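Novice: Please see the structure below; I have some questions.
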Amino acid sequence: MPDAVVTLRAARPRDFAAILGLNAESVHYLSPMDAARLERLDAQSAYHRVVEIDGEVVAFLLALREGANYDSPNYRWFSEAYDRFLYIDRVVVSAQQQGRGLGALLYDDLFAFARTEAIDPITCEFDIDPPNEASRRFHARYGFLEVGTQQVADGKKRVSLQAAPVR
């Protein structure tokens, strides 16, 4: 991204339209999200940041702490398994910007946030049936290990539930 201005910052309500567009672009890996759901998740989030390139939102990461009022079966699984955790609900990098290190920028910042807040572990899930091999490889680089699996989406998907220590 020569000469591009890349900014990592807290998400703001004016970003929500772009965030919803990014979520829709990757909905085959994520659950659908409308504006009302995004507002609820943002209000409960411990970490919600975006990456801008030249003023355009091209990536985001939204994470919640334990104790959130969230109906996600994966979040509920972690709530039952851990007293304290930081759950990555969704992370999306625009298809046009993938492979440029923006996911790593968000994850590096998330891990720094978790260290500062003394939150351990960081948790997430990714599809294993159908497989999301790129996500598996990416998360392995950050030390994520499988701590469980479950069927979701009315049995249409199987996810690997992952946790990584905060170093």
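Novice: In the set [x] 15.1, 46; [y] 17.6, 52; [z] 14.4, 42, which value of Rg and Dmax of the Cα atoms in Å was calculated from the structure you see?
Specialist: Label [x] holds the value from this structure.
Novice: A follow-up question, please. Can you give the charge dipole size of the chain about its Cα centre, rounded to the nearest 20 debye, using +1 on the beta carbon of Lys and Arg and -1 on the beta carbon of Asp and Glu? Working shown, then result.
Specialist: Working: 19 positive and 24 negative charges, 39 e Å.
The calculation lands at about 180 debye.
Novice: Kindly provide the helix-only [θ] at 222 nm of the chain, computed as the sum of -39,500 (n - 2.57) over DSSP H runs of four or more divided by all residues, to the nearest 500 deg cm²/dmol?
Specialist: -9500 deg cm²/dmol
Novice: Treating the beta-carbon of each Lys and Arg as +1 and of each Asp and Glu as -1, no other charges, what is the dipole magnitude of segment 1-71 about its Cα centre, to the nearest 20 debye?
Specialist: Here segment 1-71 has a charge dipole of around 240 debye.
Novice: Can you give the relative contact order of segment 6-164 as a percent, counting alpha carbon pairs under 8 Å and 6+ residues apart? Numbers along the way, then the final one.
Specialist: Working: 241 pairs, mean separation 28.5, N = 159.
Result for segment 6-164 is 18 percent.
Novice: Taking only Cα atoms, what is the 0 to 90° angle, nearest 10, from helix 102-117's long axis to the longest principal axis of the chain?
Specialist: Result, in degrees: 60.
Novice: Another question, if that's okay. Between residue 31 and residue 3, what FRET efficiency follows from the Cβ-Cβ distance if R0 is 45 Å, with the result rounded to 0.05?
Specialist: Once the sixth-power term is evaluated, E becomes 0.80.
Novice: For the chain, with a Gaussian network of springs between Cα atoms less than 10 Å apart, report the residue from 147, 50, 93 with the top mean-square fluctuation.
Specialist: 147
Novice: Could I ask something else about it? Have a look at 129, 109, 120 and tell me which one the Gaussian network model of the chain (Cα, springs below 10 Å) gives the largest fluctuation.
Specialist: 129
Novice: What full-extension length gain, to one decimal in nm, is calculated for residue 95 and residue 117 as 0.36 nm per residue of separation minus the Cα-Cα distance?
Specialist: 4.8 nm
Novice: Also: Rounded, prolate or oblate: which fits segment 88-167, taking a ≥ b ≥ c as square roots of the Cα gyration tensor eigenvalues, rounded meaning a/c under 1.5, else prolate when a/b beats b/c?
Specialist: Taking the square roots of the gyration eigenvalues as a ≥ b ≥ c, segment 88-167 is oblate.
Novice: Putting +1 on Lys and Arg Cβ atoms and -1 on Asp and Glu Cβ atoms, find which of 101, 26, 59 reaches farthest to the positive end of the dipole of segment 22-105.
Specialist: 101
Bear in mind that the values in this text are calculations on the coordinates, not laboratory data. Only a predicted model underlies this, so the values are computations on that prediction, with no experimental measurement involved. Note that each Cβ is placed from the backbone with ideal geometry, even for glycine, and that neighbours are counted across all protein chains shown.
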